[in-house]
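The values are calculated or read from the model by the stated rules, or taken from the named source; none is laboratory data. Keep in mind it's a predicted model, so treat the numbers as computed, not measured. Virtual Cβ from ideal backbone geometry, glycine too; neighbours counted across all protein chains shown.
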Amino acid sequence: MTKDKGKNRGINKEIACLAAFASGLLLLAGGFVIAEQSKTGAFASAEFSKSRLCSTCHGNIFGQWDGSMHSKANEDFFYQAMLQEYVKAAENESLPQTFCSRCHTPIGVVSEELPPMDGSRLSEVSKEGVQCDFCHVVVESEGIGNAPYILEPGNTKWGRALETSGKKRASAHEIKGYELYEEARYCGMCHNIYHPENNLTLAATYTEWNESSYAEAGVSCQACHMTPGIIGFAANPGKAASNGPEREHIYTHFFVGANAFVTAVLGESRHEKRALEFLKQAASLSVRAPETAKAGERVDVEVEITNSGAGHMLPTGVTEERELWLELRVKDAEGRVLYHSGSLDEKGRLEPETTVYRTVFADSEGKPTKKIWEAESLLSDNRISPKASVLEKHSFIMPESALNPIRVEASLYYRSASQEHIDSLFGKGSYTVPVIEMAAYPEAEKTSIPGFGALEGLGAVLGLLYLRLSNWKKEDEKSRKK
Ligand code: HEC
Ligand code: HEC
Ligand code: HEC
Ligand code: HEC
Ligand code: HEC
């Protein structure tokens, strides 16, 4: 896992200039050679291969990518709904029409099939969103954020520097290795978003990672999102191509994060399940509360939420949409609820007093907005940094009738967007945003062994053990009450 090497930027630039020279993407300014990010209309979409073509030899990798949010980046109905709102605003306010599409429909932009922004002129290959041939003809990145990629479509596919022992030619195409592919700044091209006009930071997954101890330890985005290990690197032995050699590790292409909403609606249950698995590895809870209290006494309950597994803030990405919150239930010995917070009403609305971990942007009038193009300032950001914790303090007065001991139950929940926002975009009853439990208290101890198989196996055993123990406890309590 190579860490981001800021120092190598100079060398990378030289390589980029050479590459740009070859493709004719060259500017001569006072003797200096400047490589520029690929522009609208630089290519024809026919210069890019459809992903199906790659699947003849890279069948496994195709199967992983197919159904991922990268493969749905253009099609995604949630994105499309927000895009159409952006397009309306862009027409009035002279914002760049294709701003969103440069990340969500990259081939459509560089081949000038957008605008029209309804997508009616998009070719099949553009509709594939962030796809194989787009990603593997990136010859350089001009920096972080707003998609500053330099492309060179053609017969050479760029990738990690495979240990080819001099064998540089695959059966179907040339191969060039470039360390950019092993570095987080490759992903940083699109996973930081800045406002197209006022430059406000709208999303900063790369920066959050870069400032974390994961960056220091050399644990890249690829280590968690392109290997079977969710909270670090785990090897995946196999073949990169069906007609290639066995290798000790092949990078996976599921690109799973936290999206169990759109993946489920689009019928991509493999990716949905993986997203649920990711969310369950990201956080942990610990609780401090007294076991007993006298009637009329104040009871203080403290819940510590730790971002234990995500290599960036929790949540990250488009966090004006995402919601993370704690539901807390305190019961007495007979199961009567003494205190309850963080619940949802029948319309899926959160109790207004609930602390929601997210970012809130303000428009020019200082009012909160979910439309990032209206954002002029950041109103609040209370998200949880990597490896850090936040403390939630709750208290209540012990009622007269309550029976000791006090029992605390806590759940940490995530959803991709508020139900209200989805209802306002698509109409009530169109979609139900799933509410996903990331962590719970009390719960059997989690282990930190990376890898799906190991975790599922061990988790199942621990889960069974926990069930047995808690059933046994219940039996025991029942017999004592009699
Ligand atoms: C006819 C078979 C075939 C087809 C079709 C094919 N490839 Fe390959 N590709 C290979 C072989 C063989 C290798 C070398 C695998 C190895 O050495 O482990 C390879 C390697 C690669 C690599 C690895 C480079 C590296 O160093 O990480 C990338 C990237 C790649 N191919 C991308 C693509 C893309 C994108 C497409 C579709 C546009 C595609 N390939 C189509 C056979 C093919
Ligand atoms: C978001 C960009 C992206 C997309 C989309 C993508 N790849 Fe990759 N791919 C990468 C990166 C980055 C690596 C190298 C990861 C590393 O070395 O850390 C890689 C690695 C590879 C490798 C080498 C694997 C290995 O470990 O030996 C092959 C082959 C490959 N990709 C083929 C494909 C094919 C085929 C598709 C489409 C089905 C595809 N890629 C889609 C970014 C992408
Ligand atoms: C060309 C721009 C681009 C590049 C480069 C790129 N991504 Fe993405 N990525 C996107 C877009 C756009 C989405 C969101 C699609 C959507 O939700 O509609 C996305 C989604 C994701 C998701 C899914 C998030 C979720 O909520 O489930 C993960 C994980 C991810 N990317 C990881 C990576 C990693 C790791 C890399 C680097 C190897 C990378 N991406 C490179 C544009 C990009
Ligand atoms: C230590 C492992 C780790 C590293 C390193 C890491 N991630 Fe993640 N990532 C996770 C986990 C676990 C989740 C699921 C929990 C969450 O949403 O944060 C996640 C979620 C995401 C999401 C979905 C967020 C959402 O709520 O929609 C995106 C996008 C993403 N990661 C991109 C990246 C990018 C880009 C990098 C590198 C700059 C990166 N990740 C580095 C573990 C990691
Ligand atoms: C610099 C690249 C970039 C630009 C520009 C960009 N996005 Fe995205 N978008 C992403 C990435 C990366 C994600 C995934 C992050 C995550 O999962 O939280 C994403 C996710 C989304 C999502 C969430 C989709 C889902 O399924 O949950 C919506 C909605 C969205 N973008 C809308 C837009 C709109 C509208 C614009 C233009 C105003 C835009 N984006 C511009 C990169 C970009």
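Before moving on, here are some points about what is shown:
- Filtered by the rule that a residue be more than 10 Å from ligand 2 (Cβ to nearest atom), out of contact with any Phe, Trp or Tyr (no Cβ under 8 Å at 6 or more places or on another chain) and closer than 20 Å to Gly59 by Cβ, the stretch 246-260 gives a lone residue, Glu246.
Quick grid of which residues meet (1) hydroxyl-bearing (Ser, Thr, Tyr); (2) under 20 Å from the mean Cα position of the chain (by Cα); (3) away from ligand 3 (no atom under 15 Å from the Cβ):
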| site | (1), (2), (3) |
| --- | --- |
| Glu183 | no, yes, no |
| Thr207 | yes, yes, no |
| Pro228 | no, yes, no |
| Arg247 | no, no, yes |
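- Members of the stretch 366-384 that are over 21 Å from the mean Cα position of the chain (by Cα), not in a strand (DSSP E or B) and not charged (D, E, K, R): Gly366, Ala375
- Of all the listed residues (Glu277, Glu302), the sole one being among the acidic types (Asp, Glu), under 28 Å from His253 (Cβ atoms), away from ligand 2 (no atom under 16 Å from the Cβ) and touching a residue at least 60 places away in the same chain (Cβ under 8 Å) is Glu277.
- Filtered residue count, the stretch 261-293, keeping only those that are of a type in the set (Ser, Thr, Tyr) and either closer than 13 Å to Ala439 by Cβ or part of a loop (DSSP other than H, G, I, E, B) (or both): 3
- A single member of Gly296, Gly309 is at positive phi and in contact (Cβ under 8 Å) with a residue 24 or more places away in the chain, and it is Gly296.
- Within the stretch 67-83, residues that are in a helix (DSSP H, G or I) reach partners that are within 8 Å of ligand 5 (Cβ to nearest atom) with beta carbons closer than 6 Å, at six or more positions or on different chains, in the pairs Phe78/Val262; Tyr79/His104; Leu83/Cys100.
- Index of the failed condition, Asn192 passing every other in (1) touching a residue at least 60 places away in the same chain (Cβ under 8 Å); (2) within 16 Å of ligand 3 (Cβ to nearest atom): (1)
- Within the stretch 385-419, considering residues that are assigned to a strand (DSSP E or B) and more than 27 Å from Leu314 (Cα to Cα), the one nearest to the chain's Cα centre (by Cα): Arg407
- Remark: Thr263 matches the filter, which requires a residue to be of a type in the set (Ser, Thr, Tyr), closer than 30 Å to His58 by Cα and modelled with pLDDT of 95 or more.
- Here Glu346 meets the list (1) modelled with pLDDT under 95; (2) in contact with a strand residue (DSSP E or B) (Cβ under 9 Å, 6 or more places away or on another chain) almost entirely, failing just condition (2).
- Residue in the stretch 424-432 that is at pLDDT 95 or above and within 30 Å of Ala217 (Cβ to Cβ) present: no
- Residues satisfying the stated conditions in the stretch 79-129, i.e. on the phi > 0 side of the Ramachandran plot and not small (Gly, Ala, Ser): Glu112
Quick grid of which residues meet (1) under 19 Å from Leu279 (Cα atoms); (2) away from ligand 4 (no atom under 16 Å from the Cβ); (3) not in a loop (DSSP other than H, G, I, E, B):
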| site | (1), (2), (3) |
| --- | --- |
| Gly309 | yes, no, no |
| His312 | yes, no, no |
| Val318 | yes, no, no |
| Gly335 | no, yes, no |
| Leu338 | no, yes, yes |
| Pro352 | no, yes, no |
| Ser364 | no, yes, no |
